[in-house]
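The next block holds one structure in the form of structure tokens; read it before the comments.
No lab work stands behind these numbers, since they all come straight from the coordinates. The structure displayed is predicted, hence computed values, not measured ones. Don't worry about glycine lacking a Cβ; one is built from the backbone with ideal geometry, like all the others, and counts go over all protein chains shown.
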Amino acid sequence: MTARPLAVVGASAAGLAAAEALRRLGWRGPLTLIGDEPHLPYDRPPLSKQLLHGTWEPERLLLRGKDQLDALALDLRLGTRATGLDAATRTLTLDNGETLACAGVIIATGVAARTLPGAEGLTGVHTLRTLDDALALRARLTGTGHRLVIVGNGVLGCEAAAVARELGHDVTLVGVEPIPMAAAVGTEIGELLAEEHRAHGVTLHTAAVAGFDASGGAVTGVRLANEGPPGNGGVAAGGAGTGGSTRLPADTVLLAIGSTPAVGWLGDDPVLDTSDGLRCDAYCGAAPGIYAAGDVARWEHPVHGRPVRFEHRMNASEQGMAAARNMLAELAAADAAGSAFADAFEGAPPERRPFAPVPYFWSDQYAVKLQAYGLTTGADRVETTVLDRAGCRAVALYGRDGHAVGVLAAGLPPRQVRGLRAVIAAPVPWEEARERVRAATAAG
């Protein structure tokens, strides 16, 4: 009897980490890695930074070379989309009509970029999620002097704005929130970033997008609605503060308005909870033999005691490995001795452990590096200490229910940043965390 395959759906950082971990932990049976893009697994953070800037080429983004992937003995299905999963039987359906009955499945399908009505098919309007997206936008911004409007002032929009200004383009950043990245980093850090962008020539607007102007199928402008007061960066067409509409001329538009977890292909399977990603337990398990990792996974964080979902690079790799370990442990424990699964497994089964990382993300904008540990969103208390406003150096502490749960450093040296991680490795009382942050930033 031949063992049924283990399958990983999603061939980016989380999926590749899962596949490698399955082999490293002893799985010698068939292993299928499915990716809807035609490219070998690559790293996504450089898409809005080095690749868009032109300092890196696509080859440098590859997570592994072909020889390294060949050594994993994968059934590698690139350019193939999973279109369905019967969770009860662990049977995948692929876009070519093939069905694949699996011993276990790890879902690492990530997220998809959101768009806006009227943008589809309009030349010059881009999203930035995939390698092809980034290359298309980079080609569009060849030369200098393009008029780029970025819709969305979160992390992706701010990073792309910084790169585009460094390339010499006229950049306008539009967001429905008055302060860039405020949802991720808080008001005061967001204001520092706003000052940095303005200092580099980015125009900021607070408004929703009402639509696009076009000529010959190509974008020529972005129409804003309900724009905020000039103090937030908006100047209404009907006069300052009147709330009238505004038209922003543009030959290129980037939609950076967030993303949605890629769970639509899972359908309405009653076994799975696909509200805000694929709901998992503390072990990254969504159902018997079904696990999730990376941007798509919303799991019960055992330290913070609530379901969380992180769209961050470090979490993708760590969770891919955790999902692989826990799935193998479950399957080995449920397996009858002498079966095909046992024959395909080498060594002692791994231990099943809750996935309890210290979340981490970073962002590079101009000469400023932001690094954050723990949970910075959803805080009910934020305390920011600006160490050097001109140099955009600051530290922020984030709290929830009387405990510190996150910390962020802007422009701090590596030694101070490393000291901050230990402050919130687990939630600690607010006053204790404040003192520890002061000690860590004083040791320069």
His301 long-range amide H proximity, modeled H, under 5 Å: Arg306, Val308
Reduced Cα scattering model of segment 367-442, Debye log10 I(q)/I(0), q = 0.11, 0.12, 0.17 Å⁻¹: -0.23, -0.27, -0.54
For Thr83, net neighbour charge (Lys/Arg +1, Asp/Glu -1) across residues whose Cβ lies under 15 Å away: -4
Candidates Asn326, Asn153, Asn96: whichever shows maximal mean-square fluctuation once the chain is modelled as a Gaussian network with Cα springs under 10 Å: Asn96
Relative exposure of Trp27, Trp56, judged by other C-beta atoms within 10 Å (fewest first): Trp56, Trp27
Degrees between helix 155-166 axis and first principal axis of the chain (Cα, 0 to 90, nearest 10): 60 degrees
Equivalent ellipsoid dimensions for the chain as semi-axes, Å, which come from the Cα gyration tensor, largest first: 40, 28, 19
Ascending count of other beta-carbon atoms within 10 Å, so fewest first, for Arg114, Arg165: Arg114, Arg165
Mean separation of Cα contacts under 8 Å, 6 or more apart, over the residue count of the chain: relative contact order %: 15 percent
Listed residues Pro414, Ala439, Ala425: farthest to the positive end of the dipole of segment 367-442 (Cβ charges): Pro414
Most mobile of Ser259, Ser215, Ser363 in a GNM of the chain (Cα contacts under 10 Å): Ser215
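Could you work out the local net charge near Gln68, counting Lys and Arg as +1, Asp and Glu as -1, over the other residues with Cβ closer than 12 Å to its Cβ?
Result for the local shell: 0.
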Listed residues Gly110, Gly35, Gly84, most fluctuating in the chain (Gaussian network, C-alpha, under 10 Å): Gly84
Value at 222 nm in deg cm²/dmol, rounded to 500, when DSSP H runs of n ≥ 4 in the chain each add -39,500 (n - 2.57): -7000 deg cm²/dmol
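Which GluC sites (Glu not before Pro) from segment 324-410 combine a DSSP loop assignment with at most 15 other Cβ atoms within 10 Å?
Working: sites: Glu330, Glu346, Glu351, Glu383; in loops: Glu346, Glu351.
Those satisfying the criteria are Glu346, Glu351.
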Percent of beta bridges antiparallel (DSSP, segment 15-120, rounded to nearest 5): 65 percent
Long-range HN-HN contacts of Asp273 with modeled amide H, under 5 Å: Arg279
Span from the segment 1-29 Cα centroid across to the segment 393-407 one, whole angstrom: 37 Å
Fewest-first sequence of Ile179, Ile106 by Cβ atoms within 10 Å of each Cβ: Ile179, Ile106
Net charge, Ile189 excluded, C-beta distance under 12 Å - Lys, Arg +1, Asp, Glu -1: -3
With Cα atoms, 0 to 90° folded angle of helix 13-24 axis to the chain main axis: 20 degrees
Under the Karplus curve 6.51 cos²θ - 1.76 cosθ + 1.60, θ = phi - 60°, whole-Hz ³J(HN,Hα) for segment 348-359, x wherever Gly or Pro sits: 7, x, x, 8, 7, 9, x, 9, 9, x, 8, x
Magnitude of the charge dipole, segment 367-442, Cβ model with Lys/Arg +1 and Asp/Glu -1, debye to 20: 360 debye
With Cα atoms, 0 to 90° folded angle of helix 187-199 axis to the chain main axis: 60 degrees
Of all DSSP beta bridges in the chain, antiparallel share, percent nearest 5: 60 percent
The chain - charge dipole about Cα centre, Lys and Arg +1 at Cβ, Asp and Glu -1, debye rounded to 20: 780 debye
Among Ala3, Gly168, Gly258 the positive-end extreme of the charge dipole of the chain (Cβ point charges): Gly168
As computed over segment 271-396, the Cα convex hull volume per residue (Å³): 140 Å³
